[in-house]
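Reading through the structure tokens given below for one structure.
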Amino acid sequence: MLSRRSKAKQIFSNYDKYSLLNSHSTVGRIDSAIANLNKLAKSDNQIFIHTNLAQLYMLKSNLDLAETHARKSFTNKCR
Amino acid sequence: MQGKALQINVDNYDAKIVLAGVYFRREMFDLAQMVLESLPSDKNSEVLNLFGLIAMGKDEKSKASYYFKEALKVDPNDIAVRMNLGILYLKYRRINEAGIQFERVLAVTPDNNDAKLHMATIYMAENNLIWLKVLSRNA
């Protein structure tokens, strides 16, 4: 659980949509969606999977992985 | 012959929005703007919101206000945009206009703690201690 100070810091430093969506109630569901999509990506390397992963990592503020999957969304191999 | 073909989709709309968001978070505002400008002209509220945030990051307040207002024309119920417009007003001490935006957010999402917090800031600025007490009781 976040301390009051870190929660206040979070509120004041992240004003964009992604942080608003990143509430405690959705974090668990985002994690499980990421796990499922990562499993799927191993067997079925389609563009939409990487796009969805990029969006989900963005929701979790994981910028590096969001960027990686966004880039894969442009040029990935597809059946 | 069947097999894997390289599919290059350089116009992937959603991926571009994510990439622009990544650059924005890294404060690479020009790069973020470049990615967004490569999107088709009929922009949704999410894209206009990002344009507004980039302008806000660059301290271009009238541009930021323009984009947030355009985004609200596209989707008046986009809470994130309304929050950002309120924050922009707050940043430039346009207290009344900021209050209107946060009140509208709270009308749609009464439990929005971010909006409550900003309203509290406004009430403090206005020395409106009665409302501040009401808000803190309901937080």
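For the range B:86-123, the set of chymotrypsin sites (Phe, Trp or Tyr not before Pro) satisfying both a DSSP loop assignment and a count of at most 16 other C-beta atoms within 10 Å is given as B:Y92. In terms of the Cα gyration tensor, with a ≥ b ≥ c the square roots of its eigenvalues, is the range B:1-117 rounded because a/c is under 1.5, prolate because a/b exceeds b/c, or oblate? It comes out prolate by the Cα gyration axes. Legend: mean number of C-beta atoms from other chains within 10 angstrom of residue C-beta atoms, peptide B:15-28, equals 6.
For the range B:15-137, a crude dipole built from +1 on the beta carbon of Lys and Arg and -1 on the beta carbon of Asp and Glu, taken about the Cα centre, is about 300 debye to the nearest 20. Annotation note: GluC sites (Glu not before Pro) in the range B:1-100 located in DSSP loop regions with a Cβ neighbour count of at most 11 within 10 Å are B:E27.
Restricting attention to the range B:1-98, which trypsin sites (Lys or Arg not before Pro) occupy a DSSP loop and are surrounded by at most 10 other Cβ atoms within 10 Å?
Those satisfying the criteria are B:K4, B:R93.
Rounded, prolate or oblate: which one fits the range B:30-79, using the alpha carbon gyration tensor with axes a ≥ b ≥ c (rounded when a/c is under 1.5, else prolate when a/b beats b/c, else oblate)? Oblate is the answer for the range B:30-79, as a/c is 1.5 or above yet b/c matches or exceeds a/b.
Annotation: the residues B:L50, B:L117, B:L90, sorted from fewest to most other C-beta atoms within 10 Å of their own C-beta, follow the order B:L117, B:L90, B:L50.
A short reminder: the numbers here are calculations on the coordinates, not readings from a lab. All values derive from a computational prediction rather than experimental measurement. For neighbour counting, all protein chains shown are included, and Cβ atoms are generated from backbone atoms with ideal geometry for every residue, glycine included.
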